[in-house]
Amino acid sequence: MSSPSAAERRATDSLGIVAVILAAFVLLPVLMIFLIGLTPGMNAIWWLGIVLLPIMAFLGIVALVIGVVGIVRRVRQHRTPVLSIVGAGLGLLLVLPGVWVLVSTTL
C-alpha cells in the first residue's frame, strides 16, 4: 500500500483560516473601542461604534458565509472543520449586534 501524498496529508482548512482572519480583522477594533469606551474620560469614543456597526455586520455576514461553505466542504471531504466552525461562530458573533439593533423596540 502506498503512503498518502504530501498534498493529502497537509490539507488545511483554507476557508476556515480566511473566515477567522476576516472576523478577527473586525472584532479586534470593536473590542478596543468597547474597552476604551468603558473608561470614564473616553465616553465620546462611542460614535466609532456606530460607524463600525454596519462594517461589522457586513464583514460578519461574509465571514459566516465563508465559514459555512468551509464546513460543508470539509464535511464532504470527511475531515474535521474546526477552523471553519470557529470562523462561522465569530461571523455570527459579529452579526448579532446589528440584528439586535434592527429588531430592538427600545432604541
| said: Between Ile50, Ile21, which is more than 25 Å from Val86 (Cβ to Cβ), open to solvent by 90 Å² or more (accessible area, probe 1.4 Å), in a helix (DSSP H, G or I) and modelled with pLDDT of 75 or more? | reply: Ile50
| message | Criterion first (out of contact with any Leu (no Cβ under 6 Å at 6 or more places or on another chain) and assigned to a helix (DSSP H, G or I)) does Ile66 satisfy it? | response | no
| Single residue of region 25-40 satisfying the filter (surrounded by 12 or more Cβ atoms within 10 Å (Cβ to Cβ) and closer than 16 Å to Ala57 by Cβ) that is modelled with the lowest pLDDT | Phe34
| query | For His78, all conditions in the list (1) at pLDDT below 95; (2) in a helix (DSSP H, G or I) hold save one; what is the number of the exception? | reply | (2)
| said: Out of the residues in region 74-107 meeting the condition of being under 16 Å from Val20 (Cα atoms) and in contact with a Leu (Cβ under 7 Å, 6 or more places away or on another chain), tell me which one is surrounded by the fewest Cβ atoms within 10 Å (Cβ to Cβ). | reply: Leu92
| Only one of (1) modelled with pLDDT under 85; (2) in contact with a helix residue (DSSP H, G or I) (Cβ under 7 Å, 6 or more places away or on another chain); (3) open to solvent by less than 50 Å² (accessible area, probe 1.4 Å) is not met by Gly60, so which one is it? | (1)
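The values are calculated or read from the model by the stated rules, or taken from the named source; none is laboratory data. Because the structure is predicted, anything quoted here is derived from the model rather than measured. Neighbour counts are summed over all protein chains in view; Cβ atoms, including those assigned to glycine, are modelled from backbone coordinates with ideal geometry. Side chains included, ligands, DNA and RNA excluded: accessible areas come from the protein's heavy atoms. Shrake-Rupley method; radii C 1.70, N 1.55, O 1.52, S 1.80 Å.
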